[in-house]
Amino acid sequence: MSGAALGLEIVFVFFLALFLLHRYGDFKKQHRLVIVATLLAWYLCFLIVFILPLDVSTTIYNRCKLAVNSSPAESNGSYVTLAPSKQKCFKPWSYIPNGIMPIFWRVVYWTSQFLTWILLPFMQSYARSGGFSITGKIKTALIENAIYYGTYLLIFGAFLIYVAVNPNFNLQWNQLQTIGIAAANTWGLFLLVLLLGYGLVEIPRSHWNGAKRGYLLMKTYFKAAKLMTEKADAEENLEDIMEEVRKVSESIKYNHPLRKCVDTILKKCPTEYQERMGRNMDDYEDFDERQNSYPSEKSLVKLHKQVIYSVQRHRRTQVQWQILLEQAFYLEDVAKNETSATRQFVHTFHSQEPENKIIQYFYTPTVEWYWECLLRPWFYRVLAVVLATFSVIVVWSECTFFSTKPVLSLFAVFIQLAEKTYNYIYIEMACFLTIFFLSICVYSTVFRIRVFNYYYLASHHQTDAYSLLFSGMLFCRLTPPLCLNFLGLTHMDATISHKNTQPTAYTSIMGSMRVLSFIADGFYIYYPMLVVILCIATYFSLGTRCLNLLGFQQFMGDSEMTSDLIDEGKELIRREKRKRQRQEEGENRRREWKERYGNRDDSTRNRAVHTDQKESSFTETNANRPLSKYTRSNGRTERDRIELLQDAEPLDFNADSVNDDPLESDSGR
């Protein structure tokens, strides 16, 4: 079992990252390099979070083993004795042999840093580029990232010159490496505290509000009004872009050198627009003899970029609108079924997607009613209380983790109590729950935030390549300082605990922060206290109120603009509901008509086929009869034709056309 736990977690985390990426990305339409780079970034960050508790338990076992094997004279050396010399150390079930974890952390950390600082920014510019060739896209990406990389190189070069000129500094390569890590972690910690302060308050509050049916329904109406505005804006923007594409397609014919670029742009357009603009693609024109000006390749690159953006935005708003409609209909059904006497959940509309038979067997209408109308609100309230308790513990520990005598950080107290009894399962569970809760608070904020249309993670495969890569950059920059902050909360970091004990393998690759004492003793300790101010600001919704004052409508219960948007959204949902009901009624009528008259039509069709067969057999029989009988049968046919002519309806001379044969007119009608 020495390496089984590590292998299982590596496999599990891979499928977890793959599942989340499949929910937000689109494997079929997006470039494979974008999918692979984002998956690798997410996978490495999630892997650090899941493997770090195993590193903590292994470090505690190594400390115990070192303390048992060391003599009292050796206890004043490199490591202090943390347990009595006669104490027997039990190997944890998830023990990882020495030498594996340092190599593992070094590979994971430096790979994530290479992704976040070099590869992913370059791929972002490459994905947003509107170039028509790989060379053109690479050139655009290099130009856009020249300032980005140049700034960091300038700062690093100035620092190296300062160190070389100043005789008081004698830095080696390991120290320079530690300074680079400290700079990256400082940038990440600055952003980490901002996101953590928001998540510690918003996650418990969102679950508490999730138990309020009226609140969720009103917020859904508010979202519907805002999304309809965005949807109309996206449609108008797409129409304008398609009009420009049409003009370019008509001006540049197929024999023009830039026609290949126009064809590439047309392939990115929706199908209905391609069919409209495809009519004039075969027209020939000698562009050498024409004096009109043609669009340049640079303008076509810009147009290509606009087409990609507008089509992606239009598709995303369409999908989000359908999903929001389903949510609104379901919440209205929940509100109606709360007063149901039969205690069976009744849906207004049937699900458009086929449901799993196993889920239908266990999740019956009665079970659904009890869960949605009775159990789910209470479950969300209890979960909100538990999450709020965790948030209070985190805030208290962030403000007191620098105190070692006495130990005030509650997470450090829990770990030290378990360390005395060497209860490794409790240690790993406590560490996992702690870092998992911190990760949820930070990562969920990354998934929630939206920077206009520049960065937006939309579920149901509607996230563009730029946002996926940007999220991978954020994860890689936030995860290392998050883990260091966790080790500080539990006093597993020697920089915080001020003990000369064996460090964890993760801390060892970070190097000693004593090289930069003002960061180790100042910024890392006192800056996390800012989370208290951010939590208070989030609790009173100061950020939401500021955005509302700036003109960005946010959901606020005491705002007149919010009430107007709720009323508008309610009317939109009611209109869509009536449209859906009319569609279902029409389908039901067609289904009933088919069930009622479908068999009669089939019998009529079978009778006609049987009659044709009889007539054909009758004709064959008459052909073999004598001439006299054939003449008599011919007379009967003439009489039948006369009767048919007498029963035919009179001609309509006021019609647009008159047929010579009245039988043809009747059959045509």
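The values are calculated or read from the model by the stated rules, or taken from the named source; none is laboratory data. The structure displayed is predicted, hence computed values, not measured ones. All Cβ positions, glycine included, derive from the backbone under ideal geometry; neighbour counts span all protein chains shown. For accessibility, only protein heavy atoms count, side chains too; no ligands or nucleic acids. Shrake-Rupley method; radii C 1.70, N 1.55, O 1.52, S 1.80 Å.
Determine whether Y456 is more than 30 Å from C64 (Cα to Cα), in contact with a Lys or Arg (Cβ under 8 Å, 6 or more places away or on another chain) and of a type in the set (S, T, Y). Yes; evaluated as a whole, the condition is true for this residue. Restricting attention to the range 551-598 and to residues that are assigned to a helix (DSSP H, G or I) and hydroxyl-bearing (S, T, Y), the residue that is surrounded by the most Cβ atoms within 10 Å (Cβ to Cβ) turns out to be T562. Residues that are under 18 Å from W105 (Cα atoms), hydroxyl-bearing (S, T, Y) and in contact with a Cys (Cβ under 8 Å, 6 or more places away or on another chain) occur in the range 479-498; there is at least one.
Checking each residue in the range 386-402 for being open to solvent by 20 Å² or more (accessible area, probe 1.4 Å) and either among the hydroxyl-bearing types (S, T, Y) or under 27 Å from the mean Cα position of the chain (by Cα) (or both) picks out V386, L387, A388, T389, F390.
Of all the criteria given as (1) touching a Phe, Trp or Tyr at 6+ places or on another chain (Cβ under 7 Å); (2) more than 27 Å from L195 (Cα to Cα), the one not satisfied by T421 is (1). Within the range 281-306, residues that are over 26 Å from K137 (Cβ atoms) have Cβ atoms under 9 Å from residues that are open to solvent by 60 Å² or more (accessible area, probe 1.4 Å) and modelled with pLDDT of 85 or more in these pairs: D283/E250; F287/P257, counting only partners at least 6 apart in sequence or on another chain. Only one entry of N185, N166, N145 meets the criterion of being at pLDDT below 90, open to solvent by less than 40 Å² (accessible area, probe 1.4 Å) and under 22 Å from N485 (Cα atoms), and that entry is N185.
Taken as a whole, the structure leaves Y380 outside the set of residues that are more than 30 Å from C89 (Cα to Cα), part of a helix (DSSP H, G or I) and out of contact with any helix residue (DSSP H, G or I) (no Cβ under 7 Å at 6 or more places or on another chain).
Restricting attention to the range 243-260, does a residue exist that is free of Cβ contacts under 8 Å to residues at least 12 places away in the same chain, of a type in the set (S, T, Y) and part of a helix (DSSP H, G or I)? No, the range 243-260 contains no residue that is free of Cβ contacts under 8 Å to residues at least 12 places away in the same chain, of a type in the set (S, T, Y) and part of a helix (DSSP H, G or I). Close contacts from the range 45-67, counting a first residue that is closer than 22 Å to L20 by Cα and open to solvent by 10 Å² or more (accessible area, probe 1.4 Å) and a second that is in a helix (DSSP H, G or I) and small (G, A, S), with Cβ to Cβ under 7 Å and a gap of 6+ residues or different chains, come to F46/A17. For the range 408-419, a tally of residues being touching a residue at least 40 places away in the same chain (Cβ under 8 Å) and farther than 29 Å from L534 by Cα returns 2. Check the range 289-299 and report whether any residue there is buried (at least 18 other Cβ atoms within 10 Å of the Cβ) and modelled with pLDDT of 90 or more. No, because not a single residue in the range 289-299 is buried (at least 18 other Cβ atoms within 10 Å of the Cβ) and modelled with pLDDT of 90 or more.
Filtered by the rule that a residue be without any contact (Cβ under 8 Å) to a residue 60 or more places away in the chain and in a helix (DSSP H, G or I), the range 313-354 gives Q322, E326, Y330, D333, K336, N337. If the condition is being more than 17 Å from I181 (Cβ to Cβ) and surrounded by 20 or more Cβ atoms within 10 Å (Cβ to Cβ), then the range 105-124 contributes L120, M123, Q124. Which residue is modelled with the lowest pLDDT, if the candidates are limited to the range 435-463 and must be of a type outside the set (A, V, I, L, M, F, W, C) and open to solvent by less than 10 Å² (accessible area, probe 1.4 Å)? Here the answer is Y455. Only one of the numbered conditions (1) open to solvent by 30 Å² or more (accessible area, probe 1.4 Å); (2) within 25 Å of L530 (Cβ to Cβ); (3) touching a residue at least 12 places away in the same chain (Cβ under 8 Å); (4) not in a helix (DSSP H, G or I) is not met by K405, and that is (3). Counting only residues that are more than 30 Å from V532 (Cβ to Cβ), of a type outside the set (S, T, Y) and without any contact (Cβ under 8 Å) to a residue 60 or more places away in the chain, the range 355-392 holds 16 of them.
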